[in-house]
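Undergrad: One structure, as structure tokens, below. Some questions next.
The values are calculated or read from the model by the stated rules, or taken from the named source; none is laboratory data. Quick caveat, the model's predicted, so the values are computed rather than measured. For neighbour counting, all protein chains shown are included, and Cβ atoms are generated from backbone atoms with ideal geometry for every residue, glycine included.
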Amino acid sequence: MQQALRISAGQLPPAAQNSAMDSGQPPARRDLKTYRLVLLVVYFTLLAAVGMYWFVQELVAADREPAELGLLPTVFLVVGASTVMGVLVLRFSLIPPLLSAATTELAPRLARLRAYYIVCFALAEAVALYGFVLRVLGSSHEDTIPFYLAAVVLFVLCFPRTPEGLGSPMA
């Protein structure tokens, strides 16, 4: 009963604490591997979702004639461009200082990097969603191509990197 209370309070039993500490790797190396694994799973999942949006849009709107949407494509293009600018600022202004060799503690730096990268991925995904919604609303196939291309380029630019000076996370 006491063991169950300790586990529910966030404490590991002594045997689990020892096995977690005796994994043969320093804590920084484990943190780096976890950081890398989480980011790669999120990255490839969201990138695959962009391909799924393209596939689904072609199934849903394949036999539709393009509708006249007025200013809606232009509005979506402006919103998409501002999202792209936000991702570029995040990727090239906020992330590089965290990637460079710094004297700050590793765990908080990895947590902040993980958060910034996931925001980058989500915003890149949003650009693809703008194109998807535009197509479902009745826009032409050609109007959605820039959104999907921009999303893929953003994903390539936002590929997760590990901080300098830590070596390979897979070692």
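Undergrad: Tell me the residue from Y35, Y43 that is touching a Lys or Arg at 6+ places or on another chain (Cβ under 8 Å), at pLDDT 80 or above and assigned to a helix (DSSP H, G or I), please.
TA: Step by step, each of Y35, Y43 is checked, and only Y35 is touching a Lys or Arg at 6+ places or on another chain (Cβ under 8 Å), at pLDDT 80 or above and assigned to a helix (DSSP H, G or I).
Undergrad: Of all residues in region 97-154 being acidic (D, E) and under 29 Å from D31 (Cα atoms), which is surrounded by the most Cβ atoms within 10 Å (Cβ to Cβ)?
TA: The selected residue is E125.
Undergrad: Hey, can you tell me all the residues within region 148-166 that are in a helix (DSSP H, G or I) and either over 26 Å from Y117 (Cβ atoms) or touching a residue at least 12 places away in the same chain (Cβ under 8 Å) (or both)?
TA: Residues satisfying the conditions are Y148, A150, A151, V152, L154, F155, L157.
Undergrad: Return yes or no: is R64 at pLDDT below 95, assigned to a helix (DSSP H, G or I) and surrounded by 13 or more Cβ atoms within 10 Å (Cβ to Cβ)? First the steps, then the outcome.
TA: Details: at pLDDT below 95: yes; assigned to a helix (DSSP H, G or I): no; surrounded by 13 or more Cβ atoms within 10 Å (Cβ to Cβ): yes.
For R64, the condition - at pLDDT below 95, assigned to a helix (DSSP H, G or I) and surrounded by 13 or more Cβ atoms within 10 Å (Cβ to Cβ) - is not met.
Undergrad: Among L134, L71, L113, L88, which is the only one that is of a type in the set (A, V, I, L, M, F, W, C) and free of Cβ contacts under 8 Å to residues at least 60 places away in the same chain? Steps first, please.
TA: Working: L134 fails: free of Cβ contacts under 8 Å to residues at least 60 places away in the same chain; L113 fails: free of Cβ contacts under 8 Å to residues at least 60 places away in the same chain; L88 fails: free of Cβ contacts under 8 Å to residues at least 60 places away in the same chain.
One residue alone meets the criteria, L71.
Undergrad: Would you point out which residue out of R161, R135 is within 15 Å of V56 (Cα to Cα), among the charged types (D, E, K, R) and at pLDDT below 95?
TA: After ruling out the rest, the residue left standing is R135.
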